[in-house]
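Trainee: Can you read through this structure? Questions will come right after.
The values are calculated or read from the model by the stated rules, or taken from the named source; none is laboratory data. Keep in mind that this is a model prediction, so the values were computed, not measured. Every residue, glycine among them, receives a Cβ derived from its backbone with ideal geometry; neighbour counts consider all protein chains shown.
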Amino acid sequence: MTSETITAASAGTWELGDLTVNRLGFGAMRLTGSAAFDLGAPGNREQSIGVLRRAIELGVNHIDTAAFYFSSLRSANELINRALAPYPEDLVIATKVGPRRDASGTWIAPARPDELRGQVEENLRQLGRDHLDLVNLRLMGQDSLAEHFGALGELRDAGLVRHLGISGITSEHLAEARTIAPVVCVQNRYGIDSRNAGTDDVLRLCEEQGIAFVPFFAIAGQGREEGAGAMSADDDEVLAVARAHGTTAAQVRLAWTLHQGPHVLAIPGTGNPDHLVENVAAGALCLSADEVARLDEHHAGGK
C-alpha cells in the first residue's frame, strides 16, 4: 500500500457527540498563507481549494477552522465553502470562537459573552450553513469560562450549534464547563515536544470521560503558536523512528499523537498537496510498543 492509497479511515473513528469522524482530520489554518496569521502574500487560492477537495477524496471528514483564520486576501472559511459546498453529508466542520482580529489582522480584546452569537453567525455566513456542527470556545487567559460557555449553551439550545467544545483549557476549566453543557471535545496544544503536565492531565481526563482530545501544533512542537517557525528541530529519537519506518519525522509525530489513545484526534494542516497525502498516511503508521515508550520518555523528559 502506498501513501496515495491510504485514507483517513486507516486511523479509526471517534464519536463527536452523535457525529462519527475519522481520527485523522484536517486543520484549515495554513490555507490562508505561509504562516498562521500572515497578512503578507496569501497562499495560492486554487491550490488551497485543491487541497481541500483532495482531503475529502482521502477520507477526511473532520475539518477544523475559524473565522479568524484569514490573511490579506484569503479566508479559511470561505475557501472551505468554495471548495466543498454543497457539503458531503458526513463532513463535520468544527469552528472556534472567542479570539478576535480586526480587518488589519491585529488581535483585539476577546469577545464578551454577548458577542459570541455574532461570531457564531459570522462563521455560519462564511461557511454557508444554517447551523454549526461543533463550536469550540477558545479561552484567552480567563480564570472562569462560565459566562462564555453558558452563552454558547444558549446558542446550542437555539439550534445554531449542534455540539460544544473548549480549547486552551485546564482540568479545572473542563470540570466547570461540564456543569454547564455537554463537552464533546477539548483542543489544547500538544505533541512530543509539548512540555505541559497540565495538558497531559487533561488528555487523560478526556479519556476517562469519553471526550475527544484534539491537539493542535502536534507536528510543529514548542514555539509554533508564537510564530517561532514551521517546525521544531527534530531530535535523534524521532529521526531514528522515522528512518526505521521509511517515513518523515512529521509522520512519526502524528502517529505518536494518535497512539496516545483512541479518543485522540489529529488535525494537521497544510496548503501543500504532497504534505496532505503524507499526513493522512501517518494514520496507518503503526509504531511498536518500544518506539512509543521511547517517544513517551522524550515527551516526559522535557517537562
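Trainee: Give the residues of the range 88-120 that are part of a loop (DSSP other than H, G, I, E, B), surrounded by fewer than 21 Cβ atoms within 10 Å (Cβ to Cβ) and either touching a residue at least 60 places away in the same chain (Cβ under 8 Å) or within 19 Å of the chain's Cα centre (by Cα) (or both), sorted by residue number.
Mentor: Answer for the range 88-120, where residues must be part of a loop (DSSP other than H, G, I, E, B), surrounded by fewer than 21 Cβ atoms within 10 Å (Cβ to Cβ) and either touching a residue at least 60 places away in the same chain (Cβ under 8 Å) or within 19 Å of the chain's Cα centre (by Cα) (or both): 90, 91, 99, 104, 105.
Trainee: Give the residue that is surrounded by the fewest Cβ atoms within 10 Å (Cβ to Cβ), with candidates limited to residues of the range 23-45 that are at pLDDT 90 or above, over 17 Å from residue 136 (Cα atoms) and touching a Phe, Trp or Tyr at 6+ places or on another chain (Cβ under 8 Å).
Mentor: So, considering only residues that are at pLDDT 90 or above, over 17 Å from residue 136 (Cα atoms) and touching a Phe, Trp or Tyr at 6+ places or on another chain (Cβ under 8 Å), the one surrounded by the fewest Cβ atoms within 10 Å (Cβ to Cβ) is 23.
Trainee: Take residue 198 and tell me if it is more than 18 Å from residue 15 (Cβ to Cβ), modelled with pLDDT under 95 and not in a helix (DSSP H, G or I). Quick ask: steps written out before the conclusion?
Mentor: On the way: more than 18 Å from residue 15 (Cβ to Cβ): yes; modelled with pLDDT under 95: yes; not in a helix (DSSP H, G or I): no.
Spelling it out, it is not the case that residue 198 is more than 18 Å from residue 15 (Cβ to Cβ), modelled with pLDDT under 95 and not in a helix (DSSP H, G or I).
Trainee: Being in contact (Cβ under 8 Å) with a residue 24 or more places away in the chain, on the phi > 0 side of the Ramachandran plot and either part of a strand (DSSP E or B) or within 17 Å of the chain's Cα centre (by Cα) (or both): is that true of residue 59 here?
Mentor: Values: in contact (Cβ under 8 Å) with a residue 24 or more places away in the chain: yes; on the phi > 0 side of the Ramachandran plot: yes; either part of a strand (DSSP E or B) or within 17 Å of the chain's Cα centre (by Cα) (or both): yes.
Criteria met by residue 59.
Trainee: Considering the range 216-237 alone, what residues qualify as being at negative phi, buried (at least 22 other Cβ atoms within 10 Å of the Cβ) and either modelled with pLDDT of 95 or more or not in a helix (DSSP H, G or I) (or both)?
Mentor: Of the range 216-237, the ones at negative phi are 216, 218-220, 222, 224-226, 228, 230-237.
Remaining after also requiring buried (at least 22 other Cβ atoms within 10 Å of the Cβ): 216, 218-220, 224.
Those that are at negative phi, buried (at least 22 other Cβ atoms within 10 Å of the Cβ) and either modelled with pLDDT of 95 or more or not in a helix (DSSP H, G or I) (or both): 216, 218, 219, 220.
Trainee: Kindly evaluate residue 177 against the criterion of being over 19 Å from the mean Cα position of the chain (by Cα) and part of a helix (DSSP H, G or I).
Mentor: Answer is yes for this residue.
Trainee: Out of the residues in the range 162-182 that are touching a helix residue (DSSP H, G or I) at 6+ places or on another chain (Cβ under 8 Å) and surrounded by 24 or more Cβ atoms within 10 Å (Cβ to Cβ), which is nearest to residue 94 (Cα to Cα)?
Mentor: My answer is 166.
Yes or no, residue by residue, for (1) among the aliphatic types (A, V, I, L, M); (2) modelled with pLDDT of 95 or more:
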site: 58; (1), (2): yes, yes
site: 83; (1), (2): yes, yes
site: 100; (1), (2): no, yes
site: 104; (1), (2): no, no
site: 116; (1), (2): yes, yes
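Trainee: Which residue pairs have Cβ atoms under 7 Å apart, sit 6 or more places apart or on different chains, and have a first residue in the range 243-261 that is under 14 Å from residue 215 (Cα atoms) and a second that is of a type in the set (Asp, Glu)?
Mentor: Pairs found: 261/207.
Trainee: Being over 22 Å from residue 176 (Cα atoms), surrounded by 14 or more Cβ atoms within 10 Å (Cβ to Cβ) and free of Cβ contacts under 8 Å to residues at least 60 places away in the same chain, is that true of even one residue in the range 138-156? Talk me through it step by step, then tell me what you get.
Mentor: Of the range 138-156, the ones over 22 Å from residue 176 (Cα atoms) are none.
No.
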